[in-house]
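Let me begin by presenting the structure, written as structure tokens, before commenting on it.
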Amino acid sequence: MGDQVALTEAELNVLKRIERLPFSRFHWKLLLMGGLGYTFDAMDGAMIAFILPAVTSLWGLTNQQTGLLGSSAMIGYLFGAFFAGTLGDLAGRRTVMMYALAIYSVATFIAAFAPSWQFLFWWRVVASFGTGAESAIIAPFIAEFVQKKYRGRFVGSLSGFFSFGFVFAALLGYFLVPASREGWRIVQIITALPIVMLLWWRRSLPESPRWLIERRRSSEAGAEVDRIEVEATRHGGRPLPALESVEIPAIGAGQGGTFKKNLAALLSPPMIRTTFMLWVLWITITFSYYGFFTWIPTLLVKQGMTITKSFGYSIIIYLAQIPGYYSAAFVSEKLDRKWTIVVYMLLGGVSAYLMSNARTDASITMAGSLMSFFMNGTYAGIYAYTPELYPTTFRTTGMGVASAFGRIGGLSAPIVIGYTFSRIGFSGVFTITTVVLVTGALVVALLGIATAGKSLEQITVELEKAGIGANETAAVSSRPTSR
């Protein structure tokens, strides 16, 4: 996969030391730092769904204008995810995380004082650039610190923090938005407060040793692992296993990949099948997810509920996210990430079909809660799965570009739903969602690979061999046969 140089014995030992680390206080702290980032990202992204009814009424917006405003998050997410991923491989995971947090906090605060829907739209785009960057960089960053035995459960649990952000946004929407004419402004000011986390991150956030090795900064990588091991042994109370017991394949390291080389690597022969599968997966789940969660309060209002009542039902639906994320995180170590994603997407499709036929408040809430459970469980699988499928050299590039492609689905969903609702109604909207989710599940079932119980380096070697084998098969089949 591009220009590679062999790792030294000292560099391989750093990788082995990461793989032998027990789950320790360091990992809990890392989970909290990354998790809070995801919580506030989700609050910021979900908040638009709860201010849409208020600003639609305030400025007399059409369905198309409301849909465009709802898509502001996806426009920013798309570019934020793309640039965070590509820069994360070049400048470092830690640096990108900190700048992303600052951008979205400042922009959200400015958006709170919007004098028009156009002003609100553009500053929501900037804020979402920051949240898109955060969401793309945190999972691959965290995955690089965790050994294979519990990596899927750990990163899946990390993504579960998104659910808390959505619930907090729903609570703010329920209590603050209808409470006053300026409620939608107050909510945005509150969601800008996480900028204070920069003080903590600046002091405590480490850089990924795996990335440091790729950039040939081996001494820094070793020093980071030294600090982690000291903390793990001090609080764990047990000596670490011998390095000889840890298996890491003898892989190469990139020689400081460039922007163009990393992007080209995504479509190189060993990776193109995986990249295609991930892009389809991200587009289908993000279309379904954001189409549902951006529009659900507004759709419930159009079904005859008051804004306050629709927000109350939305809170119940949002609460179903929490067990959805964490059930998938734990199942993914037993069932594997691939099949967890497939099962949860298919059951999400079934739930969307039930939603299309729901007519009462109770049935709508039940079907909506099931959709919330299974779609968010899918995301727990995706955030663990995507970083695993790319080598360290361009891991965040792969994650960022896949996430950016997903935002195309999220970008189009509010517009498509806003345009089609008046023509095909509530039932038609969720029939579309069913078809999209089932399509994504089938692509993963056919093209995905198993990753549970394998180190990141082992997965990289397997993907490279699979890609070379596929190329050789294709080359043989393309030769003319003798008769």
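Could you check region 135-156 and list, in sequence order, the residues that are assigned to a helix (DSSP H, G or I) and either of a type in the set (A, V, I, L, M) or surrounded by fewer than 20 Cβ atoms within 10 Å (Cβ to Cβ) (or both)? Ala136, Ile137, Ile138, Ala139, Ile142, Ala143, Val155 - these are the residues of region 135-156 that are assigned to a helix (DSSP H, G or I) and either of a type in the set (A, V, I, L, M) or surrounded by fewer than 20 Cβ atoms within 10 Å (Cβ to Cβ) (or both).
Scoring Pro178 on the criteria (1) assigned to a loop (DSSP other than H, G, I, E, B); (2) within 17 Å of Arg395 (Cα to Cα) leaves a single failure, condition (2).
If you go through region 8-50 one residue at a time, how many are open to solvent by 10 Å² or more (accessible area, probe 1.4 Å), aromatic (Phe, Trp, Tyr) and either under 20 Å from Ile110 (Cβ atoms) or not in a loop (DSSP other than H, G, I, E, B) (or both)? Count: 3. Here Thr284 meets the list (1) of a type outside the set (A, V, I, L, M, F, W, C); (2) over 30 Å from Gly377 (Cβ atoms); (3) modelled with pLDDT of 80 or more almost entirely, failing just condition (2). Entry remark, region 330-355: residues being closer than 11 Å to Gly368 by Cα and open to solvent by less than 10 Å² (accessible area, probe 1.4 Å) number 4 in total.
Scanning region 202-213 for any residue that is free of Cβ contacts under 8 Å to residues at least 12 places away in the same chain and not in a loop (DSSP other than H, G, I, E, B) turns up at least one such residue.
Among the numbered conditions (1) of a type outside the set (Val, Ile, Thr); (2) buried (at least 18 other Cβ atoms within 10 Å of the Cβ); (3) outside any helix (DSSP H, G or I), the only one that Leu61 does not meet is (2).
Do the conditions hold for Gly76, that is, is it small (Gly, Ala, Ser), in contact with a Phe, Trp or Tyr (Cβ under 6 Å, 6 or more places away or on another chain) and within 26 Å of Phe394 (Cα to Cα)? Against the criterion (small (Gly, Ala, Ser), in contact with a Phe, Trp or Tyr (Cβ under 6 Å, 6 or more places away or on another chain) and within 26 Å of Phe394 (Cα to Cα)), Gly76 qualifies. Here Ser57 fulfils each of the conditions (1) within 18 Å of the chain's Cα centre (by Cα); (2) over 18 Å from Ala139 (Cβ atoms); (3) of a type in the set (S, T, N, Q) apart from (1).
Only a single item in (1) without any contact (Cβ under 8 Å) to a residue 24 or more places away in the chain; (2) more than 18 Å from Ile110 (Cα to Cα); (3) not hydroxyl-bearing (Ser, Thr, Tyr) is not met by Val196, and it is number (2).
The combined condition, being open to solvent by less than 30 Å² (accessible area, probe 1.4 Å), assigned to a helix (DSSP H, G or I), in contact (Cβ under 8 Å) with a residue 24 or more places away in the chain and over 23 Å from Phe23 (Cα atoms), is fulfilled by Trp184.
When Asp89 is tested against the conditions (1) crowded, with 23+ Cβ neighbours inside 10 Å; (2) under 19 Å from Phe162 (Cβ atoms); (3) modelled with pLDDT of 90 or more; (4) not small (Gly, Ala, Ser), the lone failure is (2). Those helices (runs of 4 or more DSSP H) of region 314-395 in which 3 or more residues are more than 21 Å from Val444 (Cβ to Cβ) and polar (S, T, N, Q) occupy 361-388.
Here Leu212 does not qualify as at pLDDT 90 or above, under 30 Å from Ala170 (Cα atoms) and surrounded by 13 or more Cβ atoms within 10 Å (Cβ to Cβ).
The values are calculated or read from the model by the stated rules, or taken from the named source; none is laboratory data. Given the structure is predicted, the values throughout are model-derived calculations rather than measurements. Positions of Cβ are backbone-derived with ideal geometry, glycine not excepted, and every protein chain shown enters the neighbour counts. Please note that ligands, DNA and RNA were not included when accessible areas were found on the heavy atoms of the full protein model with its side chains. Shrake-Rupley method; radii C 1.70, N 1.55, O 1.52, S 1.80 Å.
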